[in-house]
Every structure is written in structure tokens, then in C-alpha cells.
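Single-structure report; data block below.
Nothing in this text is a laboratory measurement; each read-out follows from the coordinates by a stated rule. All values reported here derive from a predicted model rather than from experimental measurement. Because the Cβ atoms are built from the backbone with ideal geometry, glycine has one as well, and the counts that use them run over all protein chains shown.
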Amino acid sequence: MLGLGKKTSMTMNSDNPLPRLVLGYDFDRWNLLGEKEPIQIDLSPKTNSHILLCGMSGSGKSYLENQILARLALAEPDGEIHYGDYKQEDSFKYLRSCPRYYAYRDTLQALDVVHGRLLARQSGEDTSRNPVTLAWDEYMAQMLALISENKKASAVAMGKVSEILMLGRSLSVRLIISCQRPDALAFPAGSRLNYGVVVVLGAAVRSIYEMLLPDHMEQVKGRQFGRGEGVILLQAAELHYIKVPMVRDAPRMEDICIRALGGKQ
Ligand SMILES: Nc1ncnc2c1ncn2[C@@H]1O[C@H](COP(=O)(O)OP(=O)(O)OP(=O)(O)O)[C@@H](O)[C@H]1O
Ligand SMILES: [Mg+2]
């Protein structure tokens, strides 16, 4: 089991001053040797840290997202996180009164705000570069609903997502998207490839692996994963098997997330 650890171990280490984010632990080392080797990503603008998190219902996406929010908040104390919760899940109930929490259709407002920040930075009007993150749970479900309701609005929203994916890294604007199956319908023009970090949790679903890990099918063949376990692909090159730990101190994690979304100031 894992707590949130000391701040120093989550943010910087002495060999590498870049901010880093732990996403989980090496699955085989944990299971075979009982060792916890963190799998972490570089959060600096040098590296693409847009995250795509997939997996069938109950695979542990929202559970991991909570941990990502808390860890991100600790790793980037000057960061600004917006959270879109399309399904209004119980997992995020505690965030509902936060200024940067957006429920159901309001998630599109979060997209507008974050995309607006991107454009202001791009035009030079805004010279700040503190990290701005939009984390969006159940993106696919929301896009499918929007496509059937208002095709034009869905195209506009997807255009904004694509712009953040393409321009966000150098302007310190980041996307974290979660969905069950990342169908091409809501990921136009190969935009799945623009995520530097791809996580697939839970049962191995061949069609999802084919969409997200086409060059790594041999490596994932025959592997089995349960809830909170799966595969992570970093920068389209480095594949690991990952295990997401249990949260040891939920009240502390929730408190960090609430503050990260502008609550309890
Ligand atoms: N790594 C984990 N360790 C312990 N419990 C976990 C872990 N991951 C998920 N769970 C538990 O499993 C249940 C399902 O997880 P979660 O809600 O995150 O799934 P999900 O992928 O978001 O599903 P859905 O697509 O339906 O929203 C939750 O009750 C959660 O507490
Ligand atoms: Mg969920």
C-alpha cells in the first residue's frame, strides 16, 4: 500500500531536478519480488506529458486519476488544475464545491478555459508558464453524446483538444484524458498518438491494445491484468507493466486535491 510519501520524493530528486510524477509501480517487481519500483514521468516542458488513460469499466481509471491529481498538485505547487467529471462519479464527489471542478456538460467550460489559456500564451498576451492541466474523466462518453446531439459543437471541442495536444507542451498546458475505449470517432486525425503517456488498465482488450499499442502487441501478448494493473507506454517507445497502489491516507489525498482545484483557500 502506498501513502502520498514525502514531498521531496514526489517532486525532485537530487540527481534530477526536473519535476516528476509517479504513476504507479513496476508490476512484475511488485508481484514477483515485493519491490516497489516507481514508474514516473518527466513533467517539464521538455517531455510530452499529455496522458491518455483507458480501460474497461471498473478497471481503476478514476481511482488512479485521484492519485494523479494529488501527486500533480504536490509536484507542481505553482500549477493550476481543472477537473472535468462528465459522469459525476462518486469517486469525485468530494470535489464538487471546488471552483475548478466542472460536472457533466460543464466540462466543456473547463475545455474553453484551458484552451483560452493556451491561445493567450501562444499569442504572447500571457507570458506566464506555470503548468495548467485539464484532467477530463469519461471524455469519450461525453464526445459521443455531443456528436449525436450537435455535430458541429463536437468538432469544435475536438479541435480544441487537438490544439492543446499539439501546442500544449511548450506552453505548459497539459491534458489528462480518461475513457473506456478510445474510438477514432472522438480522436480525430490520429490524435491518440499525441499523448506522451498512454495507460491501459485492467483486462487485456485486444481492440484497445491494437489502437494504442500497435507496435507492442508481442510484448503484451498473453499478459493478464486485474483492477489497478495494466500497461503504460511512454513517449511511444518505452513499455512497462504497471501496478497502481492502494491509497493509504484518503483524507489527506482528498484534501490535496480539493486545494489543487481551488477549494479551501
Ligand atoms: N489500484 C487499486 N487498488 C485498490 N482498489 C482499487 C484500485 N483501483 C480501483 N479500485 C477500486 O475499484 C473500484 C472501481 O474503480 P474505478 O471506479 O476507478 O474504475 P473506473 O475504471 O473508473 O470505472 P468506470 O469506467 O465505470 O468509471 C473502485 O471501488 C475502487 O475503489
Ligand atoms: Mg471512472
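Details
- Taking all pairs of distinct alpha-carbon atoms in the range 16-88, Kirkwood radius in angstrom: 14.1
- Restraint check, Lys61/Lys87; Lys36/Lys93; Lys87/Lys221, Cα-Cα greater than 22 Å: Lys36/Lys93; Lys87/Lys221
- Mean Cα-pair separation over length for the chain, i.e. relative contact order, pairs under 8 Å, 6 or more apart, %: 28
- 3J(HN,Hα) couplings calculated from phi for the range 176-186 with the Karplus curve 6.51 cos²θ - 1.76 cosθ + 1.60 (θ = phi - 60°) are, in sequence order, 10, 10, 10, 7, 6, 10, x, 5, 4, 3, 9 Hz; Gly and Pro show x.
- Semi-axis lengths (Å, descending) of the ellipsoid that matches the C-alpha gyration tensor of the chain: 26, 23, 18
- Segment Lys264-Glu125, length gained on full extension (0.36 nm per residue, minus Cα span): 47.1 nm
- Efficiency of FRET from Cβ geometry, Asp183 and Leu239, R₀ 25 Å, rounded to 0.05: 0.65
- Set of lysines near Lys151 by C-alpha distance (under 17 Å), chain-local residues within fewer than 8 positions excluded: Lys160
- Rounded to the nearest 500, the 222 nm mean residue ellipticity of the chain from helices alone is -10500 deg cm²/dmol, with -39,500 (n - 2.57) taken per DSSP H run of at least 4 residues.
- Taken about its Cα centre, the range 41-260 carries a charge dipole of roughly 160 debye when the Cβ of each Lys and Arg holds +1 and the Cβ of each Asp and Glu holds -1.
- Each semi-axis of the equivalent ellipsoid for the range 52-96 is √(5λ) with λ an eigenvalue of the Cα gyration tensor; in descending order they amount to 20, 13, 9 Å.
- Farthest toward the positive end of the dipole of the chain, out of Ser97, Phe187, Ala70, is the Cα of Ser97, where the dipole comes from beta carbon charges about the Cα centre.
- Each Lys or Arg adds one and each Asp or Glu takes one away; over the other residues whose Cβ falls under 11 Å from the Cβ of Val197, this sums to -1.
- Local charge for Pro182 was computed over the other residues whose Cβ lies under 13 Å away, with Lys and Arg +1 and Asp and Glu -1, and equals 0.
- The separation of the range 33-50 from the range 161-227, counted between C-alpha centres, amounts to 16 Å.
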